[in-house]
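Trainee: Pasting in a structure now, in structure tokens, and then I'll have a few things to ask.
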Amino acid sequence: MHGVSVRGFLRPGNSLSNLFRPAETTGDAHSDDRGVRVTSTRLTVGNTTYAMANITSVSTKKVDPSYSGAGWTVIAGVVLFLLGFGEKAVVLCVLGLIVAGVGIYWATRLEPEHHLRIVSAAGESSPLSSKEKGYIEGVVRAIHEPQRSPKTGQ
């Protein structure tokens, strides 16, 4: 099952404290502009709806990125550099340094992916993922937080 990616959710004006704002229509839900909605009875992520009564566990999982592509790029750059150095080919040395630099830059830009994990009677799923740890934690807090009644404020 493919999860909904919400990469880049935090934009100017969106802080971690207002990731989930009360829904304007019902007053008893948390929602965002990416298709995630939490009420006292339902969790909706994209086109998938989960009944809260059937959810037995909610957690997060961090998946570290694969550095293999960036690593192979650095290795290729070093090999090009060494070949150019051995043959006294300046162009090949420069090309090797550029390729190695691209691999190092790529490796420094990789970020872990954070997933929302839901366990229910039907099994385990990860319907939501994001590079923003705070966003996923906000969804988990919204699921665990008791919903307040709009009339009583409780």
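Trainee: Which loop trypsin sites (Lys or Arg not before Pro) in the stretch 60-127, with loop taken from DSSP, have no more than 13 other Cβ atoms within 10 angstrom of their Cβ? The partial results should precede the final answer.
Mentor: Working: sites: Lys61, Lys62, Lys88, Arg109, Arg117; in loops: Lys88.
The qualifying sites are Lys88.
Trainee: Given R₀ = 25 Å, FRET efficiency for Asp33-Lys61 by Cβ-Cβ distance, to 0.05?
Mentor: Values: r = 24 Å, r/R0 = 0.96.
So, using R0 = 25 Å, E works out to roughly 0.55.
Trainee: Dividing the alpha-carbon Rg of the stretch 68-109 by 2.2 N^0.38 Å yields what?
Mentor: On the way: Rg = 10.1 Å, N = 42, 2.2 N^0.38 = 9.1 Å.
Taking N as the residue count of the stretch 68-109, the ratio is 1.11.
Trainee: According to a simple spin-label model (label point 7 Å from Cα along Cα-to-Cβ), what is the distance in nm between Ser40 and Val91?
Mentor: 7.4 nm
Trainee: Can you sort His144, His114 so the residue with the fewest Cβ neighbours within 10 Å comes first? Don't skip to the end; give the middle numbers.
Mentor: Working: His144 9, His114 21.
Ordered by Cβ neighbours within 10 Å, fewest first: His144, His114.
Bear in mind that the values in this text are calculations on the coordinates, not laboratory data. Nothing here was measured: the structure is a model prediction, and the numbers come from that model. Reconstructed Cβ throughout: ideal geometry from the backbone, glycine too, with neighbour counts over all protein chains shown.
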